[in-house]
1. Go through 239-251, 320-332, 123-135, 365-377 and give me the packing order, highest mean Cβ count within 10 Å leading.
2. Considering only C-alpha atoms, what is the centroid distance from the range 360-387 to the range 243-310, in Å?
3. Would you mind counting up the charge near Leu281? Only other residues with Cβ under 12 Å from its Cβ, with Lys and Arg at +1 and Asp and Glu at -1.
4. So if we plug the beta-carbon distance of Arg221 and Asp128 into 1/(1 + (r/R0)^6) with R0 = 22 Å, what FRET efficiency do we get, rounded to 0.05?
5. For Asp333 and Ala270, what does the FRET efficiency come to when R0 = 25 Å and r is the distance between their Cβ atoms, rounded to the nearest 0.05?
6. Cβ under 13 Å from Ser400's Cβ, Ser400 left aside: what net charge do those residues give with Lys, Arg +1 and Asp, Glu -1?
7. What does the charge add up to near Gly129, with Lys and Arg as +1, Asp and Glu as -1, over the other residues with Cβ less than 9 Å from its Cβ?
8. What's the FRET efficiency of Arg120 with Ser248 using the Cβ-Cβ distance as r and R₀ = 35 Å, to the nearest 0.05?
Amino acid sequence: MPPWGAALALLLAALALLALRLRRPSRRAVGARTRPGARSEDHGEVDGGGPAGQLSDGREPLPGGCRLICKPSALAQCLLRALRRSAALEPGPLPWLSGPHLQTLCHFVLPVGPGSELAREYLQLADDGLVALDWVVGPGARGRRATNAGGLPAVLLVIPNAWGRLTRNVLDLCLLALERGYYPVIFHRRGHHGCPLVSPRLQPFGDPSDLKEAITYIRFRHPAAPLFAVSEGSGSALLLSYLGECGSSSYVTGAACISPVLRCREWFEAGLPWPYERGFLLHQKIALSRYATALEDTVDTGKLFRSRSLREFEETLFCHTKSFPISWDTYWDHNDPLRDVDEAAVPVLCICSADDPVCGPPSHFLPTELFHSNPYFFLLLSRHGGHCGFLRQEPLPAWSHDVILEYFRALTDFFRTEERMKGLSKRRASFLAGRRRWGTLPKREVSPSSSLEEIFSWKRSYTR
């Protein structure tokens, strides 16, 4: 760990002591507006005015007090069956780990453990910029099993948070995926995690152009392997923007977001609790300080490093540029991760916690209408977990990791079944057409405009 990293860890640890003293808004005050007789959150139900109480329709109870919120469909039923069988949802966190601040700070502050073997590639982009791809090659590659019927390991693309910090949970997910037969690769933006900034251009919050080129390269390198994607926290804006812009032409088979920031503009404008705001802001300033000279011609670096909030930092870096300044409204018109969400055609599982101290209460940061109306989006809402925490007793990894890999397995099995059913329907249609030509079938009046889909009922769609 570099010297500034140790200093940052010490500072965040000190802030943790203060953060643990912070109190969320009193549940009694919130519960005073609920209906009489509502049961408390501690008894397995959520108050009508509590963190998740406003999520009324489309909720499916699961082990561990979790709920699946989605639009009913064949795929939703398949996912619900997989989650009900999941052992990862059964054990709750230890009492001393159930606090949201502790779970969050353990995720961000604890150093990355040893044992990960990474093979780095630098990918030169169309504008001569560089992004980095860290392929996780060990340990755990021995004896791993294939994740699809073709025998080829599926590629798992992992997108860290937008601040560029590689957390231990990200590496734990990669190591677990490697053991279960995936080929994990971590995407690093320009200037993040040791990736050189060779041009004075950074990647905006929700601009997926660099990610598109990286995924195209991964597809070129592994053309026959399925591609799954996972994003962490604020990094989810990049993944959701990519899925919305690419639509049905995306190379991704399935995606998952851990504690995603979905209403990003409101999140920036409202601000975070001050320990997290100061910690994330300090990390970004330290990471960009090495490029201060290179950025002088593009932004006002003096104002940038004097920023006192994440919004001010983001606005100075991407809106108040010297060459092409834009307004805050225009910036979010181009970077809101949900701007093209209706075009997304890939199943996305969002794992969120009702006690997330970084995103806030679900009634504020979760666009529940998205999950109720869009058949591709699924929300797994837990009562505890903090922000990207979801911790379990050591040495077990975060339970969200197991759920994500089980979700990808369920997707693979579901799509395989759908393809088999389509093959059977095509063969049956061909057989029936041949018999009609031979005149061996009983006569049946069929209008010329009617189709096989109108006559037979076996054709399936996972969005129905």
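Here, each number is a calculation from the coordinates, and none is a lab measurement. What you see is a predicted model; the values in this text were computed from it and never measured. All Cβ positions, glycine included, derive from the backbone under ideal geometry; neighbour counts span all protein chains shown.
1. Ranked by mean Cβ neighbours within 10 Å, highest first: 239-251, 365-377, 123-135, 320-332.
2. A separation of 21 Å, based on Cα centres.
3. Details: positive: Arg278, Lys285, Arg306, Arg308, Arg311; negative: Glu277, Glu312, Glu314.
Local charge sum for Leu281: +2.
4. Working: r = 21 Å, r/R0 = 0.95.
Once rounded, the FRET efficiency stands at 0.60.
5. Working: r = 19 Å, r/R0 = 0.77.
Given R0 = 25 Å and the Cβ-Cβ separation, E is 0.85.
6. Cβ neighbours under 13 Å give a net charge of -4.
7. Values: positive: Arg190, Arg201; negative: Asp127, Asp128, Asp210.
Once positives and negatives cancel, what remains is -1.
8. FRET efficiency, Arg120 to Ser248: 0.65.
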